Amino acid sequence: MSPAPRRRSVLLATAAVTAAATAPAGAATPVRHRASGPLVIGHRGAAGWRPEHTADAYTYAVRAGADWIEPDIVPTKDHVLVVRHENEIGGTTDVAGRPEFADRRTTRTVDGRAVTGWFTEDFTLRELRTLRTVERLPLVRNRNTVFDGRGRVMTFQEVIDLARRLSGESGRRIAVFPETKHPTYFRSIGLPLEEELIRVIRRNRLTARECVVQSFEPSSLHRIAAARLGLPLWQALGTSGSPYGHAVTYRDMMSPAGLREIASYAQWIGPDKSSLVPPHTLLADAHAAGLKVGAYTFRAENQYLPAAHRRGTAPNDFGDAFAEYAFHYGQGVDAVVTDFPDIAVQAREALRR
């Protein structure tokens, strides 16, 4: 089959969901069934279809059938938790074009790496409210740039409120899945994430069905665990190196002994999807340790797909994303973290049928 028809099939398969997710409130036809099979987690909302970490992205994800939505959390200068992919916001907001904030551009060392730009920790929430959101990867997701300037920076509290509203709309319990970003760095500058995250969770009385906390840094999860919130914890795993500020390597963490150690404080691991492809035995080893496994990050563009599932040579054209979901669902993953929750849900429905 030629590349063009396959690409069109993926786009056509999402057309109905696109119409529902963009319709005015009350006119949409959201997915109302409960999950059967692996959970679908909307990565920063539905980052493949809308600028990430916006109300539009989260709403799209839930109406497409996502079970959880994922906000990355970072603090403001006045210690309010907001949702951005990184604390550097030059690529996700219009701050670079705002002359009143030109003097805020600086270089900071974050997790041992020099980063130049504008940082949430140098802005109050009131100042961040004046910024507008933009697509982070405009060359990859050119279609999303039409939404530039339409959203604003959200607080974690607003994401909780939105999830509860969308739960009522969909008739499904939608969980929030916050990730603590650069927690060691933020502790070092007097803006610890964990204490404020715990306060927000307690204030909202979030239950295990409404919130799962994730981090790449075990020390951050240990701090959350010590608060005895009764929430599941998710240890995210990189493909190389170590969590920042930790001597243990990701490779060691993914060994049977390392997995047993993770199981002493967390209920989930979140490895890169490539770590679950044979001959790797991580999936079976994690299940043997009593851990659930959620793989990241599933996308539809060729450059993010295994070579066998690519269609054509254009890196940003869509390939056979359905085939990749079918493989991982068939292997027995417990969840997928995806930029395209609509495709993941349709692939799950095909598996169920």
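The values are calculated or read from the model by the stated rules, or taken from the named source; none is laboratory data. As the structure is a computational prediction, the values presented were derived from the model and not from experiment. Because the Cβ atoms are built from the backbone with ideal geometry, glycine has one as well, and the counts that use them run over all protein chains shown. With ligands, DNA and RNA removed, areas are computed over all heavy atoms of the protein, side chains included. Shrake-Rupley method; radii C 1.70, N 1.55, O 1.52, S 1.80 Å.
Run through the DSSP bridge list for the chain and note the antiparallel percent, rounded to the nearest 5.
Of all bridge pairs located within the chain, approximately 30 percent are antiparallel.
Which order do the peptides 50-57, 236-243, 126-133 take when ranked by the mean count of other beta-carbon atoms within 10 Å per residue, highest first?
Per-residue Cβ counts within 10 Å, averaged per peptide and sorted highest first, yield 50-57, 126-133, 236-243.
Probe radius 1.4 Å, ligands and nucleic acids left out: which of 105, 352, 311, 205 has the largest accessible area, and how do the rest follow?
Solvent-accessible surface, decreasing: 205, 105, 352, 311.
Is the shape of segment 238-341 best called rounded, prolate or oblate, per the rule: a/c under 1.5 gives rounded, else a/b larger than b/c gives prolate, else oblate, with a ≥ b ≥ c the square roots of the Cα gyration tensor eigenvalues?
Prolate shape, in that a/c is at least 1.5 and a/b is the bigger ratio.
Using Cα-Cα distances under 8 Å and only pairs 6 or more residues apart, what relative contact order does segment 259-353 have, in percent?
25 percent
Tell me whether segment 188-228 comes out rounded, prolate or oblate; compute the Cα gyration tensor, take square roots of the eigenvalues as a ≥ b ≥ c, and use a/c under 1.5 as the rounded threshold.
Oblate, because a/c is 1.5 or more while a/b does not exceed b/c.
Distance between the C-alpha centers of segment 37-55 and segment 215-268? Whole Å please.
23 Å
Just how large is the dipole of the chain about the Cα centre, in debye to the nearest 20, putting +1 at every Lys and Arg Cβ and -1 at every Asp and Glu Cβ?
The calculation lands at about 820 debye.
Could you check the spin-label model distance between residue 247 and residue 152? Points 7 Å from the Cα along Cα→Cβ, value in nm.
It is 4.8 nm.
Suppose the chain between residue 109 and residue 205 were pulled fully straight at 0.36 nm per residue; how much longer would it get relative to their current alpha carbon spacing?
31.0 nm
Please work out whether the chain counts as rounded, prolate or oblate from its C-alpha gyration tensor, where a ≥ b ≥ c are the square roots of the eigenvalues and a/c under 1.5 means rounded, while otherwise a/b larger than b/c means prolate and anything else oblate?
rounded
So, in Å, what gap is there between the alpha-carbon centers of segment 123-160 and segment 270-296?
If we compute the Cα centre of each part, the gap is 33 Å.
If 121, 261 are ordered by their accessible area, calculated over protein heavy atoms with a 1.4 Å probe, which sequence runs from highest to lowest?
Solvent-accessible surface, decreasing: 261, 121.
For 154, 254, give the ranking by accessible area with the largest first, probe 1.4 Å.
So the residues, ranked largest to smallest area, are 254, 154.
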